[in-house]
Amino acid sequence: MSPPVAEPGALPPDNYLSEGRTLWSWLTTRDHKRIGVMFLMLTLGFFFLGGVFALALRIELLTPGRTIMGHLAYNRSFTLHGVIMVWLFMIPAIPSAFGNFLVPLMIGARDVAFPRLNLASVYLFLLGASVALWGMIQGGADTGWTFYTPYSTTTGTAVLPVLLGVFIIGFSTILTGLNFIATVHLLRAPGLTWMRLPLFVWAIYGTSIIQVLATPVLGMVLLLVALERVVGAGIFDPARGGDPILFQHLFWFYSHPAVYIMVLPSMGVISEAVCAFSRKNAFSYRMIVYSTMGIAFVGFFTWGHHMFTSGESTFGAGAFGVMSMLVAIFTAIKIFSWLGTLYRGSIALEAPLFYVLGFMFFLFSGGMIGVAYATTSLNLHWHDTYSVVAHFHFIMVGATLMAFLAGLHYWFPKMFGRTYPGALANAAAVLVVFGFIATFVPQFLLGNAGMPRRYADYPPRFQSLHVASTAGASLLAFGFLSIAGYLAWSLRHGALAGDNPWGSLGFEWQSQSPPPTRNFDVTPVHATGPHQYAPGEPRHAA
Amino acid sequence: MRDAKSLGVVGVLGVGMGLLALTALTFLLHRLPHGAWSLPTALLIASVKGVLIATFYMHLRERRGGGVLILTASVVFVAVLLTVCILETRTRFAPSIPPGPFPVQPLPGLEATRAAPP
Amino acid sequence: MPHESTAEHWGSEAARAHAAHLGMWLFISTEVLLFAALFTTYGVYRSVYPEVWREAQAHMDVTLGTVNTVVLVTSSVLVALAVHATREGRPGTGGALLGLAALLGVTFLVLKGVEYAGHAREGGLPGEWYRLEALPKPGASLFFSLYYLLTGLHAVHVTLGVGVLTVLAVRAAAGGFSASDHTPLELGGMYWHLVDVIWLFVYPILYLS
C-alpha cells in the first residue's frame with residue numbers, strides 16, 4: 001500500500017538544502033538553517049533514545065516485583081531517561097533547532113550574529129552528548145537527573161562522565177543564547193521595532209537571557225560535585241560542616257529557570273501557530289510580550305519550591321511558594337491571550353492546531369495543579385510522589401512536546417518544502433494527546449494514593465493504575481512512531497508545499513520555502529508587525 | 001571614530017591612580033580593628049573599583065546600551081542568588097548544618113569513589 | 001575570516017565592532033555568574049561559621065595578597081594604556097605595554113604559587129586533605145576549600161588571560177592592529193579587566209575582612 005506520489009522532486013533549485021549535498025558541507029556549514037536542521041535531527045534522535053528508556057521503565061512497572069530489570073538497572077534507566085530528555089532533548093529542542101532556523105528569517109537577517117560560534121555550539125553539544133553517553137556505556141549514573149548530594153558524591157556508579165557531559169552541553173546552550181541576544185539586538189531588518197517582533201522571537205530572546213545568566217551557575221555546581229568526587233573538596237559534605245541543601249539551592253537556581261528555558265520557547269511557538277491557524281493577529285500582543293519577560297524574571301525567584309521538604313526554612317518556603325504562584329498569573333495572561341486570538345478567528349483545524357489545543361490543555365491543567373503544589377502544606381503530601389512526576393510531565397514535558405510537535409508540523413513545509421499527509425497527521429495528533437493524558441492521569445492518582453517516585457517496586461494494590469499508565473505510554477509510543485513514519489516519508493515524497501502553504505502572514509513565510517542560503521534577495525522592510533490579517537480575508541488556503 | 005569620548009593618557013593614568021589609591025585604602029582599613037562594618041566597607045570599595053574599571057577601561061562610557069544592560073542584569077541575578085541563599089540559611093527553624101543537634105557521621109561509600117587521602 | 005560576506009552581514013565595520021562588544025559583554029556576564037556560585041557558597045558558609053572564618057582568615061598571607069592586588073591593578077592600567085596607544089596610532093607601543101602586562105600576570109601566578117606552597121606546608125589544604133593543627137573545627141576546611149576554589153578558578157582565568165595578552169602583543173608587534181582596526185585588542189583587554197575585577201572582590205573577602 002503505497003500512498004500516491006505527488007510531483008516528485010521539484011523544489012526551488014536555489015534552496016539551502018541543495019547548496020551542497022556532501023556530509024562535509026553540512027559539518028562545516030555556518031548557515032543557521034543547516035545548523036537548525038542538524039540540531040533538529042540530533043534532538044529527535046535523543047528523544048527516541050529517552051523514549052526507549054521511558055518505555056523500559058513503564059514495562060518494569062507493569063507488575064509488582066521484578067518484571068524486566070532489577071533495582072539498580074531501574075535507577076540507571078530513570079536517570080538516563082531524565083538526563084537525555086532534559087538536557088539532550090527539551091532544553092535544546094525548540095531554541096536550538098527551531099530558533100536557529102527561524103529567528104534570522106523572522107527578523108529579516110541573513111544569519112545569526114556569530115555564525116562560527118553557532119557551529120561551535122553544535123560540536124559542543126555533540127561532544128557533551130558523547131561524553132554523557134560514554135558514561136552510560138560505563139554503566140550510567142543512578143542519581144536521577146538532579147544529582148542530589150550527598151548521594152551523587154558517594155554512589156559508586158559512573159556519575160562523573162554524565163556530570164561532565166551536562167557541563168559541556170551547558171556551554172553549547174550558552175553559545176546559542178549569546179548568539180540569539182546579539183542577533184535580536186543588532187540584526188533586525190529596517191522597520192522591525194521591538195514591538196513589531198514576532199512573538200516567537202520575543203520568547204527566544206527571553207529564553208536566551210535565562211540561558212546566559214543561569215547556565216554558568218549549573219556548570220559551577222556540577223564542577224563542585226565532580227571535585228568532591230575526585231579530590232574530596234568537601235563543599236557539600238556534612239562531615240566537614242558542609243550543607244547538602246546548598247547544593248539544591250545552586251542546582252535549582254539554574255534548573256528551575258531551565259523549566260522556562262523549555263516552556264518559554266514553547267509559548268512562542270504556540271503564539272505563532274495560534275495566529276496562523278485562526279488568521280487573526282495576536283490578542284493583546286503587548287501583554288504576551290510583557291508576560292514573557294515577566295516569567296523570565298520571576299522564574300528566578302521560585303527555585304525553592306523544589307526544596308519544601310529538604311529542611312529549608314519555613315520563611316524561605318513561604319516566600320518561594322508565593323513567588324511560584326505569581327508565575328501562574330503570567331501564564332494565565334498568555335492562555336487568555338491565545339483564547340482571545342482563537343475566539344471568532346477563522347479556524348483551520350490542521351495538525352499544528354491540534355497540538356496547540358493539547359498544549360493549552362496541559363499548560364492549564366498542569367499549571368492549576370502546580371498552584372496547589374506551590375502551597376507548602378499541600379506539597380508535603382505530594383512531594384516526591386508520582387503526582388509530582390505527573391505534574392511536571394504535564395506542564396514541562398507535555399507543554400514542550402506539544403509545542404515542539406506543533407512547530408514541527410507548522411514549519412515542516414518551511415524547512416523542507418514539502419507537506420505531509422494531513423489526515424494522518426491529525427489522527428496522530430489526537431493519538432498523541434490522548435496517549436499523553438492516558439499515561440499521566442493514572443500517575444496523578446497513584447501519587448495521591450502514596451506511590452513514591454523512583455521506585456522499581458510497589459504494593460499490588462497500585463497495579464491497575466500502573467497498567468493503565470503503561471497502556472497510555474504504549475499508545476503514545478505508537479503515535480510518535482507513526483509521526484516519525486509519515487514525516488520521514490514526506491521528506492522525499494510529500495506533495496510540494498509552495499512558499500506558503502498555510503497562507504500565514506508570519507515573517508518567516510515571506511521568503512521562499514525552503515529558503516535560499518542567503519534567506520532574502522532583498523532585505524525585507526517592515527511597516528507592521530506579523531500576522532496582520534485583514535478582517536474578512538478568505539479562509540485558510542490549504 | 002570615537003575620539004570625542006576616548007580617554008586621554010592622563011585620564012587612563014588618573015583612573016589607574018584612583019584604583020591603586022582605593023587598594024591602599026582598603027588595605028589600611030583592614031589594619032584597623034575589625035568590626036561588623038569591615039566586610040561591607042571592603043565590598044563597597046571593591047564595587048567602586050569595579051565600576052571605575054567597567055566604565056573607563058572596559059569602554060562602557062563609549063558604548064552605552066547593551067553592555068550596561070547586560071552588566072546590570074548579571075549583577076542583579078548575582079545579588080538574588082546570594083541574598084536568597086543566605087536569607088534562607090539564616091531563617092531555618094532548626095539548624096540543619098553541623099554543628100547541629102545531631103552527631104556527624106562520615107558518609108558511607110566514599111571508598112568506592114576514590115582512594116582515601118594520605 | 002571571509003570579509004566580503006561579513007561586511008554584507010553587518011552592513012559596516014562599526015556595526016561589527018558593536019556586535020563584538022555586545023557578545024563580549026554577554027560572555028562577561030556568564031563569567032560573573034560562574035563566580036557567583038562560589039561567592040554564594042562563601043557567603044552562606046561565612047554566615048554559618050563567622051568565628052571559624054575569622055580565625056581561618058588569620059592564616060592568610062595578607063602581604064602577598066596585597067602585592068598581588070597591586071600587580072593585577074597595574075597590569076590592568078598597562079592594558080588600558082596599550083589600547084589607548086593603539087587608538088592613537090602607535091600599535092608598537094601598545095604591543096610592548098601588553099607584553100609588560102602579560103609579564104605582570106606571570107608574576108601574579110608565581111606569587112600565587114608561593115602562597116599555595118606556604119599553605120601546603122602549614123597544612124591548610126582543601127577538604128579531605130585539611131591538616132591545619134591550629135584550627136581543627138568543622139567549617140575551617142570549607143574556608144580553605146573555597147580559598148582554593150576561588151583563587152584556583154581565578155588563576156585559571158589569569159593563565160588564559162596571559163595567553164590572550166601574549167597573542168595580542170605578538171600580533172600588535174607584527175603590525176596586526178591600527179588606529180581604525182583593533183577590536184580584538186579591546187576585547188582581549190576587557191577580558192583582562194574582568195579578571196582584575198574578579199580579583200578585586202576575591203581579595204577583600206579572603207584576606208581582609
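Each reported figure results from applying straightforward, stated rules to the coordinates on display, with no laboratory input. Quick caveat: nothing in here was measured; it's all calculated off a predicted structure. Here the Cβ positions follow ideal geometry from the backbone for every residue, glycine too, while neighbour counts run over all protein chains shown.
Brief remarks on what is shown
- Spatial separation of Cα centroids for the stretch A:472-518 and the stretch B:1-63, in angstrom: 56
- Annotation: amide H of residue A:418 within the under-5 Å range of A:497, sequence separation 5 or more or interchain, hydrogens built in the peptide plane.
- Cβ-derived FRET efficiency at R0 45 Å, residue B:48 paired with residue A:523, nearest 0.05: 0.50
- Per-residue HN-Hα couplings for the stretch C:147-157 [Karplus 6.51, -1.76, 1.60; θ = phi - 60°; Hz; x = Gly/Pro]: 4, 5, 5, 5, 6, x, 4, 5, 5, 4, 5
- Remark: the stretch C:200-209, residue by residue, has Karplus-estimated 3J(HN,Hα) of 4, 8, 5, 4, x, 6, 8, 9, 9, 10 Hz, where x stands for each Gly or Pro and the curve is 6.51 cos²θ - 1.76 cosθ + 1.60 at θ = phi - 60°.
- Dipole-positive endmost among B:77, C:85, A:403 within the protein assembly as shown (Cβ charges, Cα centre): A:403
- Convex hull volume per residue, computed on the Cα atoms of the stretch A:126-271, equals 118 Å³.
- Altogether, the Stokes-Einstein calculation at 4 °C and 1.567 mPa s, with the Kirkwood radius of the stretch A:238-383 over Cα pairs as Rh, returns a diffusion coefficient of 78 µm²/s.
- Separation between Cα centres of the stretch A:54-129 and the stretch A:205-247, rounded to whole Å: 21
- Taking all Cα-Cα distances within chain A, those exceeding 37 Å account for 28%.
- 3J(HN,Hα) from dihedral phi, the stretch C:107-123, Karplus parametrisation 6.51/-1.76/1.60, rounded to Hz, x for glycine, proline: 4, 4, 5, 4, 4, 4, x, 4, 4, 4, 4, x, 4, 5, 4, 6, x
- The stretch C:100-177: GluC sites (Glu not before Pro) in DSSP loop, at most 11 other beta carbons within 10 Å: C:133
- Acute angle (nearest 10 degrees) that the helix A:71-83 long axis makes with the longest principal axis of chain A, alpha-carbon atoms: 40
- Selection from C:151, C:139, C:33, by position along the positive dipole direction of chain C (Cβ): C:139
- Overall size of the stretch A:364-416 from C-alpha positions, given as principal axis extents largest first: 50, 17, 11 Å.
- Helix A:32-60 and the longest principal axis of the C-alpha atoms of chain A enclose an angle of approximately 40°.
- Rounded to the nearest 500, the helix-only mean residue ellipticity at 222 nm of chain C stands at -28000 deg cm²/dmol, with each DSSP H run of n ≥ 4 adding -39,500 (n - 2.57).
- Basic side chains Lys and Arg get +1 at the Cβ, acidic Asp and Glu get -1 at the Cβ, and with that the dipole of the protein assembly as shown about its Cα centre reaches some 700 debye.
- Amide H within-cut-off set for residue A:531, under 5 Å, with H built and near neighbours excluded: A:505, A:506, A:507
- If you wrap the tightest convex hull around every Cα atom of the stretch A:354-506 and split its volume per residue, you get 112 Å³.
- Computed per residue of chain A from DSSP H runs no shorter than four, each worth -39500 (n - 2.57), the mean residue ellipticity at 222 nm is -21000 deg cm²/dmol.
- Positive dipole terminus of the protein assembly as shown, leading residue within C:197, A:99, A:352 (C-beta point charges): A:352
- Loop-resident sites, the stretch A:24-109, for trypsin sites (Lys or Arg not before Pro), counting at most 15 other Cβ within 10 Å (DSSP): A:66
- Where chymotrypsin sites (Phe, Trp or Tyr not before Pro) in DSSP loops with at most 14 other Cβ within 10 Å are excluded, longest remaining stretch of chain A: A:1-342
- Rg/Rg_globular for chain C, with Rg_globular taken as 2.2 N^0.38 Å and Rg from C-alpha atoms: 1.21
- Peptides ranked, highest mean first, by Cβ atoms within 10 Å: ranges C:77-83, C:183-189: C:77-83, C:183-189
- Qualifying trypsin sites (Lys or Arg not before Pro) in the stretch A:333-433, DSSP loop, other Cβ atoms within 10 Å at most 11: A:344
- Over all projection directions, the Cα-based convex hull of the stretch A:300-443 averages an area of 10.0 nm².
- Helix A:422-449 vs. chain A, principal-axis angle (Cα, 0 to 90°, nearest 10): 20
- Sequence-distant residues sharing a close amide H with residue A:385 (under 5 Å, placed H): A:453
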